[in-house]
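Step one of this worksheet: look at the structure below.
Please treat every number below as a calculation from the coordinates, not as lab data. Keep in mind the model is a prediction, meaning the values are calculated, not measured. Please note: Cβ atoms are built from the backbone with ideal geometry, for glycine as well, and neighbour counts cover all protein chains shown.
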Amino acid sequence: MKPLRQIAFVLEDFALQTPAQQLLDRFLLGYRRAGGFHKLDGVRVSVSLAPIGGEGGVRGPRADNGNALLQQRITDSGLQSFGDVPTAVRDADAIVIVPRADAAIPSEAQLTTALTHAKRGALSFVFGALATNLATAHTFSTLAAARQVTLASGTTLPVTWRLPQMDLPSQARVAEALIVVQGASPLAELHALDGLLPVLERRASGERGVRQVKFLSGREPWRAGDRREWSWPLLSAALSRSDSPQGDAILDGRTQDLVGLGLVPKLATNPRGWLLEHTDGVRSALMVLDGVVADFNFAVHLADGSNLSAQLFRAPVPAQEHYSRLAATLEDFFRTGTPPWPTQRSLLTAGLLDACRQTAAQPGVWLRTPELSFR
């Protein structure tokens, strides 16, 4: 076990119901774990609330006083506040970097500053994606390695509960997979990748990368489904796990087969999707379907003809207990030194976010991605 004496949080915002508040409070005040309320006794928690776009994340020494919520935690709970990122991370055994609530990645300048000034041998977790392109993700990975910093990134989705609780059988042979999410770009794409890639990693031979990506928008997602470029039955399997169907269910509570009744194209507002062809031939679809359901659901079609599906549970406000699952995962990471998942997943996610952005400019055209063909 590694010594864990100080955890530093590097934040871009701090407000109720943001990832920054949910994670900081759990390490500062405690969280529910294993049937009890768990506190990190003997661990100091410090914070630097850096301005977005600031030079190296530097603030004046009294700047945090303008955030009443954060000041309350400093006064009542012993939170240590530092006026700049280098000072905050200098002596920390673990560093948690959280971007603003509506961002998929932290400020590059802020992340660079944190990694550059981190203590050698520290452990660092970036909430969200490491970057939105592979080159930048490699840069941060190299910078962390030079400081002997173990680096990981991700969201709550790889560790939240699945309804029903399931996983692929080890070494399962997968033919096709699909996930449904909602939201604005690029957060929706990040959620889709962070929800589906961890599921698929358990398949036979593991993940080998993605060789090409195609974007669909407007009516093209439905036409592509009719052409069997992705599977309507698999979409139906995924939506069967939703507990938030939209449309008539909102009006009078009726149950409906959204796919069977042809309601998905009618309910979806500005639908968009990406088709991924993995190096081993597995196909997956990322579907952003605002207006159809209000939760995240996935389905996987196995080579034996069976389907597996589940909802990725996001607990309601104010507690949002899925953050407790992530806090437990991070605490284990910080105490053992073993990252919760391979660095390659962070690199693949960054590369795929870039591919999603590039293909959005050329709908219906396959973008080859040989640089993403790694395990």
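General observations
- For segment 230-375, the square roots of the Cα gyration tensor eigenvalues, ordered a ≥ b ≥ c, give a/c of at least 1.5 with a/b no greater than b/c, which places it in the oblate category.
- Amide H to amide H distances under 5 Å link Gly206 with no residue, where only residues 5 or more positions off or on other chains count and H is placed in the peptide plane.
- A crude spin-label estimate for the pair Ala15 and Asp243, with each label 7 Å from Cα along the Cβ direction, gives 2.8 nm.
- Rounded to 5, percent antiparallel among DSSP beta bridges of the chain: 55 percent
- Rounded Å value of the spacing that divides the Cα centres of segment 345-375 and segment 280-312: 19 Å
- Loop-located trypsin sites (Lys or Arg not before Pro) in segment 63-127 (DSSP state not H, G, I, E or B) with no more than 12 neighbouring Cβ atoms inside 10 Å: Arg120.
- Long-range amide H partners of Val96 with built H, under 5 Å: Ala8, Phe9, Val10, Phe125
- Those aspartates and glutamates that a straight Cα-Cα span of less than 19 Å connects to Lys39, excepting residues fewer than 8 apart in one chain: Asp25, Asp76, Asp93, Glu321, Glu331, Asp332
- Low-density loop cleavage sites - chymotrypsin sites (Phe, Trp or Tyr not before Pro) in segment 74-166, where at most 16 other Cβ are within 10 Å (DSSP): Trp161
- The fewest-to-most ranking of Met166, Met287, Met1 by surrounding Cβ atoms within 10 Å reads Met1, Met166, Met287.
- Computing Rg and the Kirkwood Rh from the Cα coordinates of segment 207-267 gives a ratio, Rg/Rh, of 1.06.
- The slack in the chain from Ala175 to Ala361, taken as 0.36 nm per residue of separation less the alpha-carbon distance, amounts to 64.1 nm.
- Counting only residues at least eight positions apart within a chain, or on another chain, the lysines with an alpha carbon under 28 Å from that of Lys214 are Lys266.
- Separation of segment 204-271 and segment 72-104, taken as the distance between their Cα centroids, equals 40 angstrom.
- Cβ crowding within 10 Å ranks Thr132, Thr349 as Thr132, Thr349, fewest other Cβ atoms first.
- For Ser244, the residues whose amide H sits under 5 Å from its own are Ala294, ignoring neighbours fewer than 5 places away on the same chain, with H placed 1.01 Å from N.
- Dimensions (Å) - segment 115-227, Cα atoms, principal axes, largest first: 54, 34, 27
- Take the Cα of Arg227, step 7 Å toward its Cβ, do the same at Asp91, and the gap between the two points is 6.2 nm.
- Nearest 10 degrees, 0 to 90: helix 322-336 Cα axis against the chain principal axis: 60 degrees
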